[in-house]
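To start, I am sharing the structure in question, which I have written as structure tokens.
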Amino acid sequence: MNVKLFTAATLQEAMLQAKNELGRDAVILHTRRFRKGGFLGFFSKEMAEVLAAIETVRPQSVEKQHPSITSLQLEMASMRKTLEQVLTKMPVKENQTSTALEFLLQNDIDLQIAENLLQGLPEDQLTAGQESDFLRRVLLKKIHSYLQKVDGITVSKSGCKTVALIGPTGVGKTTTIAKLAATFAIKEGHKVALITADTYRIAAVEQLKTYGDIIGIPVEIVYDPDELKAALFRHQDKNLVLIDTAGRSPRNQNQITELQSLLSVDPYIETHLVLSMTTKYRDALEIVNKFSPCSPQKLLFTKIDEAASMGTILNLLYQFPTTLSYVTTGQNVPDDIELANPQKLANLILRGS
Ligand SMILES: Nc1nc2c(ncn2[C@@H]2O[C@H](COP(=O)(O)OP(=O)(O)OP(=O)(O)O)[C@@H](O)[C@H]2O)c(=O)[nH]1
Ligand SMILES: [Mg+2]
């Protein structure tokens, strides 16, 4: 007897291999589904194996077989046929939706964080993926718990609040300053002034001046820490002073040190680190690390309208449990900005792909 094990992605395929190699008369001795490979049980692939056998005796010896063996072979052949018919009617595994872990990874949630989120969940929920309402509710609750610290800019009629936006180039700092200035000055009627320390590009100063003119608020340009100190002193009567800074490369230590010394002129400056949602998680991690000497108290996420996935917010807040301030949702000044909403963000993070 020639006995052979056939392994394939599905039972149908393994059966087909057995049939091709051993012929239609092969006897199926055993079938089994199992999971192969993967990491901690995740990413494993479902496989199937078929143990099949064929009688290798020559035809004349087959004829000499005991009648009971021949009838047993016939019975097995008929069982095989039934099994084949059942198998061909079975749904094909590959068409099923992704598992819970795949779903989280597709949303750019870091592997380790995704595994932690799924810890303790029953096995059937792990394979159910985004199809399961129960799983979705559990995940939303867990994700929400990491996004709970939210605090925008608190302005009072009697005090003077100073807020600086810092971050890499082009993330939307100046546009966000304009949105905030318009919101507090026009919508809420506060006295607002703008200060720009971005003197690297003429266009940058002009950009902020244009916004200041439209909103009807003063704009100051400062070239060094002393000038910033003097400008802050001059605008003590304002309810809110917003400081725009030049975009800095997280890889340029000198630029970060310069920014740090600028902001150190006043310990009451509330600093928001601005990150674009289109930034990859690894890059965002580096930005948060490299800007940390400037001690930002809050994170502000821009361009959430452009992001295909929002996992980076969760990844960062999981690593650095910081306060979220605002999120910006487009280029329109002043409308495309809102206070971060943990419920809404959790839903966006799990929005599927
Ligand atoms: N889609 C989208 N675009 C935005 C958003 N916020 C800003 N932008 C755009 O991003 C671009 C850069 O915006 P800026 O405000 O100049 O960025 P910045 O951080 O001040 O840039 P630098 O001063 O050069 O470092 C502009 O085209 C903005 O219109 C947003 O929420 N969504
Ligand atoms: Mg700018």
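Can you give me the long-range amide H partners of residue 337? Hydrogens built in the peptide plane at 1.01 Å from N, cutoff under 5 Å, separation of 5 or more residues or another chain.
Hits under the 5 Å cutoff: 329.
Next up: Could you tell me the distance between the Cα centroids of region 278-295 and region 196-269, to the nearest Å?
21 Å
Percentage of Cα-Cα pair distances in region 182-284 greater than 22 Å, rounded to whole percent?
36 percent
For the chain, what is one quarter of the convex hull surface built on the Cα atoms, given in nm²?
Dividing the Cα hull surface by four gives the mean projection, 24.0 nm².
Helix 225-234: angle to the longest alpha-carbon principal axis of the chain, degrees 0 to 90, nearest 10?
70 degrees
Shifting gears a bit: Considering only 212, 159, 311, give the residue with the highest GNM mean-square fluctuation for the chain, with springs between Cα atoms whenever their separation is below 10 Å.
Maximum fluctuation in the GNM of the chain, among the listed residues, is at 159.
With the Cα gyration tensor of region 161-349 giving a ≥ b ≥ c as the square roots of its eigenvalues, does the rule (a/c under 1.5 for rounded; else a/b larger than b/c for prolate; else oblate) give rounded, prolate or oblate?
Since a/c reaches 1.5 but b/c is at least a/b, the shape of region 161-349 is classed as oblate.
Using helices alone, I'd like the mean residue ellipticity at 222 nm for the chain: each DSSP H run of four-plus residues gives -39500 (n - 2.57), total over residue count, nearest 500.
The helix-only estimate for the chain comes to -12500 deg cm²/dmol at 222 nm.
Moving to a separate point now. For region 161-349, what's the relative contact order in percent, using C-alpha pairs closer than 8 Å and at least 6 residues apart?
26 percent
Nearest 5 is fine: what % of DSSP beta bridges in the chain come out antiparallel, could you say?
So the antiparallel bridges in the chain amount to around 45 percent.
Accessible area per residue for the chain in Å², computed with a 1.4 Å probe and the full protein assembly in place, what is it?
52 Å²
Just going by the charge dipole of the chain, with Lys and Arg at +1 and Asp and Glu at -1 on Cβ, which of 23, 12, 319 is farthest out on the positive end?
Of the listed residues, the answer is 23.
State whether region 100-146 is rounded, prolate or oblate according to the following rule on the C-alpha gyration tensor (a ≥ b ≥ c being the square roots of its eigenvalues): a/c under 1.5 gives rounded; otherwise a/b larger than b/c gives prolate, and the remaining case gives oblate.
Rounded, because the longest to shortest axis ratio a/c is under 1.5.
Treating the beta-carbon of each Lys and Arg as +1 and of each Asp and Glu as -1, no other charges, what is the dipole magnitude of region 217-351 about its Cα centre, to the nearest 20 debye?
With only Lys, Arg, Asp and Glu charged at Cβ, the dipole is about 560 debye.
Quick one: in region 269-353, what % of C-alpha pairs are over 23 Å apart?
17 percent
Quick one: angle between helix 11-22 and the longest Cα principal axis of the chain, in degrees between 0 and 90, rounded to 10, please.
In the chain, helix 11-22 runs at an angle near 40 degrees to the longest axis.
With a 10 Å radius around each residue's Cβ, average the other Cβ atoms per peptide and rank 24-33, 186-195, highest first.
For the peptides 24-33, 186-195, the packing ranking is 186-195, 24-33.
Assuming R0 = 25 Å, can you tell me the calculated FRET efficiency for the pair residue 237 and residue 270, based on Cβ-Cβ distance, to the nearest 0.05?
Once rounded, the FRET efficiency stands at 0.85.
Taking R0 as 56 Å, what FRET efficiency do you get between residue 251 and residue 16 from their Cβ-Cβ distance, rounded to the nearest 0.05?
The pair residue 251/residue 16 has a calculated efficiency of 0.50.
Here is a follow-up. Where does helix 281-290 land angle-wise versus the long Cα axis of the chain, in degrees 0 to 90, nearest 10?
So the helix axis and the longest Cα principal axis differ by about 30 degrees.
Return the single residue from 253, 207, 73 with maximal mean-square fluctuation; model: Gaussian network over the chain, springs between Cα atoms under 10 Å.
The residue that fluctuates most here is 73.
Give the ranking of 80, 282 by solvent-accessible surface, highest area first, calculated with a 1.4 Å probe.
Result of the area sort, largest leading: 282, 80.
Then there's this: Among the listed pairs 238/344; 187/238; 142/303; 157/290; 45/344; 161/209, which have their C-alpha atoms separated by more than 26 angstrom in this model?
From the list (238/344; 187/238; 142/303; 157/290; 45/344; 161/209), the Cα-Cα distance tops 26 Å for 238/344; 157/290; 45/344.
Magnitude of the Cβ-charge dipole of the chain, K/R +1 and D/E -1, about the Cα centre, nearest 20 debye?
For this selection, approximately 720 debye.
Work out the FRET efficiency for residue 199 and residue 144 from their Cβ-Cβ distance, taking R0 = 35 Å, and round it to the nearest 0.05.
0.25
So, one more: Could you check how much of the accessible area of the chain is carbon and sulfur, as a whole percent, using a 1.4 Å probe?
Carbon and sulfur together cover 53 percent of it.
The values are calculated or read from the model by the stated rules, or taken from the named source; none is laboratory data. Worth saying up front: this structure is predicted, and the values here are computed from it rather than measured. Don't worry about glycine lacking a Cβ; one is built from the backbone with ideal geometry, like all the others, and counts go over all protein chains shown. Only protein heavy atoms, including side chains, enter the accessible area calculation; ligands, DNA and RNA are left aside. Shrake-Rupley method; radii C 1.70, N 1.55, O 1.52, S 1.80 Å.
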